[in-house]
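Heads up, the thing below is written out as structure tokens.
The values are calculated or read from the model by the stated rules, or taken from the named source; none is laboratory data. Note that the coordinates shown come from a computational prediction; the quantities given were computed from them, not determined experimentally. Note that each Cβ is placed from the backbone with ideal geometry, even for glycine, and that neighbours are counted across all protein chains shown. The accessibility values were calculated without ligands, DNA or RNA, using every heavy atom of the protein model including side chains. Shrake-Rupley method; radii C 1.70, N 1.55, O 1.52, S 1.80 Å.
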Amino acid sequence: MAKFRRRTCIILSLFILFIFSLMMGLKMLRPNKATFGDPFGLELLPVLHQQTRLGKSFDSQNSDKINSETNNKNLKSVEITMKPSKASEPYLEELQPLNYYLHVFYYSWYGNPQFDGKYIHWNHPILKHWDPRLTKNYPQGKHSPPDDIGSSFYPELGIYSSRDPSVIETHMKQMYSASIGVLALSWYPPGTNDENGENTDDLVPTILDKAHKYNLKVTFHIEPYSNRDDQNMYKNVKYIIDKYGNHPAFYRYKTKTGTALPMFYIYDSYITKPEKWANLLTTTGSQSVRNSPYDALFIALLVESKHRYDILQAGFDGIYTYFATNGFTYGSSYENWARIKFFCDQFNLLFIPSVGPGYIDTSIRPWNAQNTRNRISGKYYETALGAALHAHPSVISITSFNEWHEGTQIEKAIPKRTSSTVYLDYRPHKPSLYLELTRRWSEKYSKERATYALDQKLPVS
């Protein structure tokens, strides 16, 4: 009997040793970064991931209602603001190199009491329709932050100031995470500003420094200030290049001849007559920058088809389309991009189509609902990016990183509900949806551009 028990103990011990060895072997087969309990594949289920992250305070039915792309007024509910988990931030070191042929329009005109002594731009006035008979049918006055802002979406960073260094840094980090190489900074000369803001030229050094930290480059999107003409533009270009041109984050585009030149986007360029622009942009012009230290690539905004020939006469180096509303203008209509590209190729111009994630400006232009473009959970954006890639452009520009008034931002937005408004958001996806889509398409564009760049003799680095 004792011999039987001893044999049983030995067999049991050997069995336990076998099980232990098997478990250790299986454990060694797991990836180094894996931890017990990792919900593999959860990221592929955005609705489930969101419910895990935000808790169970909203069921899927309520989520669908809040995600409708209209602002619901006069809701008698308490304010609810939900912020995403920091774990959703992508690891910077794991990302692909930046794409310097992908540009994004960036606005530094926002202010709040903490940094600016008052709200700037978040309290945007509700603009009147040009027909007074229609104006009376819509709300009047200004928005009243922080709960009521001039946007149909609400930023994850809250009602921020563009002067806040931590905000600038976060913006650069988000652009980096999206594999965007260049930000086109909305710019007014010192002493000038848009009608709802203040001059922000003093922010340029900080923006350049923060951009450089993330290997981003900065170009300038020159706005249509009062009395913008050939003489003032010469002064502007000289000022920008003299003051900022030696900064390592200052953007230069390598041309077909191998020369690296600054680039300037000129918003509403059609306002100024071609003859005036020719004084600045042709070799024989009275204010010519050509073949001088202030030579650059000047990119004109194409709105109407007839503007193409004005752009040629003026001496511009390229065309961009800016507006994120497909069908709004000749230039912003995807169906015209192949023709515009053909025109640009004929006359050695850069073609830079502008893509956007959607458009809604009814918080500041309540009478303009016909130009709203629903985001369709990213499908609108991807359609635009696909159309841009199909045209084989020199550069692609994104409208915008943070033009919140027109609802074209790819910056992170969060769900928010107040007693009078339900703001739009990106659900059922994460606040980083449009940054992630941008990164995916940036990598796709980088690969495709490399294949057609040699045929078109475009720079590839």
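Select from the range 151-173 the residues that are assigned to a loop (DSSP other than H, G, I, E, B) and over 18 Å from the mean Cα position of the chain (by Cα) and write down the one among them that is surrounded by the most Cβ atoms within 10 Å (Cβ to Cβ). My answer is Arg163. Output the residues belonging to the range 251-267 that are of a type in the set (Phe, Trp, Tyr) and in contact with a Lys or Arg (Cβ under 7 Å, 6 or more places away or on another chain). If the condition is that a residue be of a type in the set (Phe, Trp, Tyr) and in contact with a Lys or Arg (Cβ under 7 Å, 6 or more places away or on another chain), then Tyr251 is the only one that fits. Of all the listed residues (Leu458, Leu435), the sole one being among the hydrophobic types (A, V, I, L, M, F, W, C) and either assigned to a loop (DSSP other than H, G, I, E, B) or without any contact (Cβ under 8 Å) to a residue 60 or more places away in the chain (or both) is Leu458.
Given the conditions (1) under 24 Å from the mean Cα position of the chain (by Cα); (2) at positive phi, and given that Pro125 satisfies all but one, which numbered condition is not satisfied? It fails just one condition, (2). Looking at Tyr253, Tyr214, just one residue is under 23 Å from Lys173 (Cα atoms), of a type outside the set (D, E, K, R) and surrounded by 20 or more Cβ atoms within 10 Å (Cβ to Cβ), and that residue is Tyr253. In summary, Ser186 fulfils each of the numbered conditions (1) among the polar types (S, T, N, Q); (2) at pLDDT below 95; (3) touching a His at 6+ places or on another chain (Cβ under 7 Å) with the single exception of condition (2).
One residue alone among Asp147, Asp194 is assigned to a loop (DSSP other than H, G, I, E, B) and under 22 Å from Gly356 (Cβ atoms), and that residue is Asp194. If you scan the range 385-425, which residues turn out to be open to solvent by less than 10 Å² (accessible area, probe 1.4 Å) and either hydroxyl-bearing (Ser, Thr, Tyr) or without any contact (Cβ under 8 Å) to a residue 40 or more places away in the chain (or both)? Within the range 385-425, Ser394, Ser397, Thr399, Ser400, Thr408, Thr418, Thr421, Tyr423 meet the criteria.
One line per residue, one yes/no per condition, for (1) open to solvent by 50 Å² or more (accessible area, probe 1.4 Å); (2) within 30 Å of Leu435 (Cα to Cα); (3) without any contact (Cβ under 8 Å) to a residue 40 or more places away in the chain:
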{"position": "Gln287", "(1), (2), (3)": "yes, no, no"}
{"position": "Arg290", "(1), (2), (3)": "no, no, yes"}
{"position": "Gln313", "(1), (2), (3)": "yes, no, yes"}
{"position": "Gly318", "(1), (2), (3)": "no, yes, no"}
{"position": "Thr372", "(1), (2), (3)": "no, yes, no"}
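Scanning the range 152-206 for residues that are closer than 25 Å to Tyr423 by Cα and in contact with a Ser or Thr (Cβ under 7 Å, 6 or more places away or on another chain) gives Ser152, Leu157, Ser162, Val167, Ile168, Ala178. Residue-level check: of (1) closer than 30 Å to Asp295 by Cα; (2) in contact with a strand residue (DSSP E or B) (Cβ under 8 Å, 6 or more places away or on another chain); (3) open to solvent by 10 Å² or more (accessible area, probe 1.4 Å); (4) not hydrophobic (A, V, I, L, M, F, W, C), Gln346 misses just (2). Can you say whether Phe323 is surrounded by 20 or more Cβ atoms within 10 Å (Cβ to Cβ), touching a residue at least 40 places away in the same chain (Cβ under 8 Å) and either touching a strand residue (DSSP E or B) at 6+ places or on another chain (Cβ under 9 Å) or of a type in the set (Val, Ile, Thr) (or both), as far as the supplied structure shows? So Phe323 fits the description; yes. From the list Tyr309, Tyr330, Tyr294, Tyr359, the lone residue that is in contact with a His (Cβ under 9 Å, 6 or more places away or on another chain) and open to solvent by 10 Å² or more (accessible area, probe 1.4 Å) is Tyr330. Filtering Tyr294, Tyr309, Tyr270 for residues that are touching a helix residue (DSSP H, G or I) at 6+ places or on another chain (Cβ under 8 Å) and assigned to a helix (DSSP H, G or I) leaves a single hit, Tyr270. You will find that of Ile271, Ile240, the residue that is among the aliphatic types (A, V, I, L, M), modelled with pLDDT of 95 or more and surrounded by 19 or more Cβ atoms within 10 Å (Cβ to Cβ) is Ile240 and no other.
So that you can scan it fast, the table gives a plain yes or no per residue for (1) in contact (Cβ under 8 Å) with a residue 24 or more places away in the chain; (2) β-branched (Val, Ile, Thr); (3) outside any strand (DSSP E or B):
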site: Trp122; (1), (2), (3): yes, no, yes
site: Pro139; (1), (2), (3): yes, no, yes
site: Met175; (1), (2), (3): yes, no, yes
site: Val182; (1), (2), (3): yes, yes, no
site: Leu208; (1), (2), (3): yes, no, yes
site: Asn227; (1), (2), (3): no, no, yes
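Under the condition of being closer than 30 Å to Pro428 by Cβ, aromatic (Phe, Trp, Tyr) and assigned to a helix (DSSP H, G or I), the residues counted in the range 324-378 number 1.
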